[in-house]
Amino acid sequence: MKKEELIIGGKIHGTHGVRGDLKIEVFPPNYKLPSVLYIKDKKGEFKPLEVESYSKRKSLIKFKGYDDIDKAKKIKHQYFYVPKDTLPKLKKDEYYEFQLLDADVEFNGKIVGKIEKIDDRLSTAYLLIRCTDDKVRHLPFISEFVKEVDVDNHKILITPPEGWFSL
């Protein structure tokens, strides 16, 4: 599997019990896990892990070949990766975070920065934009300020509020 075809699908947390079960967090929560997940080894290469069993309700997963706690401990506290093409289709005007990160931000025909992070902890998500003056500015991800998201060209057109650039 090529690196470009994989995205972070969640995180493997700690072990659970002595039989190799691991606590898992899946992003997004409605995602149906494929039968093979990938983790990065120490060299940064993607290593496949075959899912033996998964309980969505208990958030527990077990991988083939990881039959005891000692083997399971070797892969805890790591992100796991899934093929992009296994993600659920989104509705119009919905985006995955990986589609927005590092996108060019354009205002009045000029690139003014790049999306560095998305903060979705509040009722309105905020784009954290690293501007060309090296300042990070927050912009609410609402239609009033975000005019167009062009996923194919990795570009976001904005019309920020007056005074936003002087922050």
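The values are calculated or read from the model by the stated rules, or taken from the named source; none is laboratory data. On a predicted model such as this, the values are computed, not experimentally measured, just so you know. Glycine gets a Cβ as well: all are built from the backbone with ideal geometry, and neighbour counts include every protein chain shown.
Computed quantities for the displayed model
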read-out	value
Lone qualifier among Leu157, Leu122 - being of a type outside the set (Lys, Arg), exposed (fewer than 11 other Cβ atoms within 10 Å of the Cβ) and either under 18 Å from the mean Cα position of the chain (by Cα) or assigned to a strand (DSSP E or B) (or both)	Leu122
Among residues of segment 57-66, those that are surrounded by fewer than 15 Cβ atoms within 10 Å (Cβ to Cβ) and either in contact (Cβ under 8 Å) with a residue 12 or more places away in the chain or among the hydroxyl-bearing types (Ser, Thr, Tyr) (or both), counted	2
Condition met for Gly20 (more than 14 Å from Lys74 (Cα to Cα), out of contact with any Leu (no Cβ under 6 Å at 6 or more places or on another chain) and surrounded by 12 or more Cβ atoms within 10 Å (Cβ to Cβ))	no
Among the candidates Tyr81, Tyr54, residue that is under 27 Å from Ile129 (Cα atoms) and among the hydroxyl-bearing types (Ser, Thr, Tyr)	Tyr81
Phe80 being assigned to a helix (DSSP H, G or I), under 27 Å from Glu45 (Cα atoms) and of a type outside the set (Asp, Glu)	no
Selection from segment 1-38 of residues that are of a type in the set (Ser, Thr, Tyr), outside any strand (DSSP E or B) and either in contact with an Asp or Glu (Cβ under 8 Å, 6 or more places away or on another chain) or modelled with pLDDT of 95 or more (or both)	Ser35
Selection status of Lys2, under 30 Å from Val151 (Cβ atoms) and more than 15 Å from the chain's Cα centre (by Cα)	yes
